[in-house]
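Participant: First the structure, which I've put down as C-alpha cells, then a few questions once you've had a look.
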Amino acid sequence: MVLAAVWSSQKMLNQAFGAIILAIGLVALLSPVTAYADFAAGERAYNLGQYTRAIEELQPLVERGDAEAQMMTGLMYLQGNGYPQNPEIAAVWLYKAATKGNYSAQLVLGSQLLYGHGIRRDPVAAYMWLLLASQSDVDGVVQQSQVFRNDAERKMSAEQVTDATRRAERFRPRADGFVDQD
C-alpha cells in the first residue's frame, strides 16, 4: 500500500513537471520579444568580447532557427571568437541564415564562396549570394557586395553571370531554411 502511494505521488510529480516544462516551452516559443531580447543580449556580449556569454544567449535562438543568431554563430566560427576557428562550420551556419534571407550572411557566405575561404570556390554561387545581399537596407552591406560582385564578375564568363543572376531572381527565402528555387 505504501509502495502504491509513493508510485502514485511520483507519477503525479512527473506529470506536473512535464506540464511545467511544456508551459515554459510554449511561453518561450510564443514570445518574440524574449527572442529579440536574447539576441540583443548575445550581440551585446559579443561586442564586449564576452564570447561565452554570447554563445549562452544565442544558442537557444540558433536551436529555434533564428537567422540572426545563426549568422552571428557563423561569424563566431569564422573568426574563432568563442568557438574554435572553423570556416567550414561557419559556412554551414551562414548558409542556414542566408537561405532565410539574412543579407549579412549572404554577403559573408558569398565572399567565402568567391575566395574559397574554408570551402570550395564557386563564383556562380558567390555571385548569386552577393547579388541577393545587395538588396539590403544597410549601405555597408550593399557597397561591400558590389565590390565582391565586381571581383567575381572578372573571374566569370557572361553565361555564368547570367546563370547566377537567374538563380538570384528565383531565390525565395524560407522560414524553415530550405530554399525555394521554383
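The values are calculated or read from the model by the stated rules, or taken from the named source; none is laboratory data. All figures in this text were calculated on a predicted structure; none of them were measured in a lab. Every residue, glycine as well, gets a Cβ built from its backbone with ideal geometry; the counts of neighbours run over all protein chains shown.
Participant: Looking for whichever is at pLDDT 95 or above and surrounded by fewer than 22 Cβ atoms within 10 Å (Cβ to Cβ) here; the options are Ile55, Ile24. Which one fits?
Facilitator: Answer to the check: Ile55.
Participant: From the list Val138, Val92, Val142, Val108, which one is of a type outside the set (Ser, Thr, Tyr), more than 18 Å from Glu68 (Cβ to Cβ) and in the same structural domain as Val62 (by TED's automatic domain parsing)?
Facilitator: Val142
Participant: Output the residues belonging to segment 110-158 that are assigned to a loop (DSSP other than H, G, I, E, B) and of a type in the set (Lys, Arg).
Facilitator: Listed by number, the residues that qualify are Arg120, Arg121, Lys155.
Participant: Further question on the same structure: Please verify whether Ala125 is in the same structural domain as Val142 (by TED's automatic domain parsing), closer than 16 Å to Val62 by Cβ and either buried (at least 23 other Cβ atoms within 10 Å of the Cβ) or not aromatic (Phe, Trp, Tyr) (or both), treating the condition exactly as stated.
Facilitator: So Ala125 fails the test.
Participant: While we're looking at this one, here's another question. With respect to the numbered conditions (1) within 17 Å of the chain's Cα centre (by Cα); (2) modelled with pLDDT of 95 or more; (3) within 28 Å of Ala41 (Cβ to Cβ), which one is the sole condition not fulfilled by Gly65?
Facilitator: (2)
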